[in-house]
1. Given a cut-off of under 8 Å on Cα pairs at least six residues apart, what relative contact order in percent is computed for the chain?
2. Rounded to two decimal places and with Rh computed the Kirkwood way over Cα pairs, what is Rg over Rh for region 118-186?
3. How far apart, in nm, are the 7 Å Cα→Cβ label points at residue 367 and residue 233?
4. In region 138-173, whose amide N lies under 19 Å from the spot 7 Å out along Cα-to-Cβ of residue 71? List them in ranges.
5. Could you work out [θ]222 nm for the chain from helices alone, using -39500 (n - 2.57) per DSSP H run of at least four and dividing by all its residues? Round to the nearest 500 deg cm²/dmol.
6. Given axes a ≥ b ≥ c from the Cα gyration tensor, I'd like to know whether region 135-242 is rounded (a/c under 1.5), prolate (a/b larger than b/c) or oblate.
7. For the chain, what is the accessible area per residue in Å², given a 1.4 Å probe and the full set of protein chains?
8. Dipole of region 1-128 (Lys/Arg Cβ +1, Asp/Glu Cβ -1, origin at the Cα centre): which of 124, 10, 82 lies farthest to the positive side?
Amino acid sequence: MKNQSVKNNIDWISVFIYIALVTLGWLNIYSSSLLSTDGTYQKQLIFIGCTIPLIFVVLFVDGKFYEKYASIIFGVSLLSLAGLFLFGKTIAGQRCWYAIGSFTLQPSEFAKAATSLALAKYLSDTQINLKETNRQLQALAIVFLPVMLILPQPDPGSALIYSVFILVLFREGLPSWYVWTGFITILLFVLTLVLEPYVVILISLGVLLIIHFKGRAVDRNIILSAIMLAVISGFVLSVDYVFDNVFKQHHRDRFNILLGKTVDMKGIGYNTNQSEIAIGSGGWLGKGFLEGTQTKGGFVPEQHTDYIFTTVGEEWGFVGSLVVILLFTCLFLRVIYLAERQKTKFSRVYGYCVAGILFIHFFVNIAMVIGIFPTIGVPLPFFSYGGSGLWGFTILLFIFLKMDANKVNEW
């Protein structure tokens, strides 16, 4: 009866979008790796085949299981991340994988679903009020625990994804100053890399003066404004030190290329340059399936993984790229719509986490490929090559679809 209920109540629109994205993803992996000898597209087909029993397992498990055991799942996920420092395999300078023979597994891809479950479980407690400072710190701890284990691997791309949980917390009552603080910090950091520090401080002073004098007289607090200017000035003056001494050389190079401070089309900027050439050469309708010269020539490194969208742009053109973008957009909006109609706070919060994770992956990957974001290794969901990524996104999505299908049994 339960299986019949899932079959009748599962959101088939989301399922069909998922199938369409996975199918299109494999076709582009096939095209980008057709001339390779490592069997990339065959392996991806095996990974896709493994998602079928994986989906059935996720849907077969009782919907309440994910809420009841969310903390345990999260704990196991943290242990799997910590275990990498002892038993992980290093690939391209990153200790992110467990190796079982020739097969590798990346636990950070599954940690996103585990963190989403843990955060949803915590926020669904009726006693939780995110207006209270201690509750805010506890919620943020859930988010940053996996980040602290992922950053040293080092895997900044995966760590960046966790920033989206701040928006989920904001939706559930986190004070808006957290979001504004994050936005202003990023803005000040970038401005300081482009302009001289004293210029950024003067701009900040001007903005603070405008805010101070535009406010009501009773709300004006010169001491608070002075403290804010001091904090901003301290941060701005520390940016150059952090950039030169904390960031690694390849991170500095990528920022300098992105900001136009360095031109290096044959070195660190090669990937982005070739990616832009490939996408631009596709025109309106593309060169045709398996007809991409940049793709066939192997000019775009890692084209079957992080740069898979370049194959879409070159072979399917603007129209094909737009179709892919619309499919992703429909999936995001569909998940948000389903989240809004959930009967339990746990399911709603988890749904927002799913939408947020998929969106930030999509946004950062596309921005990276077209050259408006530094290259940091963020895969495109359901498109980029890799079993861990595909399975992680599949579990993430179908746990929520199970919750949605199960809402008819909830009060």
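1. Once divided by the residue count of the chain, the mean separation gives 27 percent.
2. Values: Rg = 12.5 Å, Rh = 12.7 Å.
Rg/Rh: 0.98.
3. 3.1
4. Residues 138-146 fall inside that zone.
5. Values: 19 runs with 284 residues, N = 411.
Calculated mean residue ellipticity at 222 nm is -22500 deg cm²/dmol.
6. On the way: a/c = 2.77, a/b = 1.41, b/c = 1.96.
Judged from the Cα gyration tensor, region 135-242 comes out oblate (a/c at least 1.5, b/c at or above a/b).
7. Values: 20320 Å² over 411 residues.
It amounts to 49 Å² per residue over the chain.
8. It is 82.
The values are calculated or read from the model by the stated rules, or taken from the named source; none is laboratory data. Not measured: the values here are computed from a predicted model. Every residue, glycine as well, gets a Cβ built from its backbone with ideal geometry; the counts of neighbours run over all protein chains shown. Heads up: the accessible areas ignore ligands, DNA and RNA and are worked out on the full protein's heavy atoms, side chains in. Shrake-Rupley method; radii C 1.70, N 1.55, O 1.52, S 1.80 Å.
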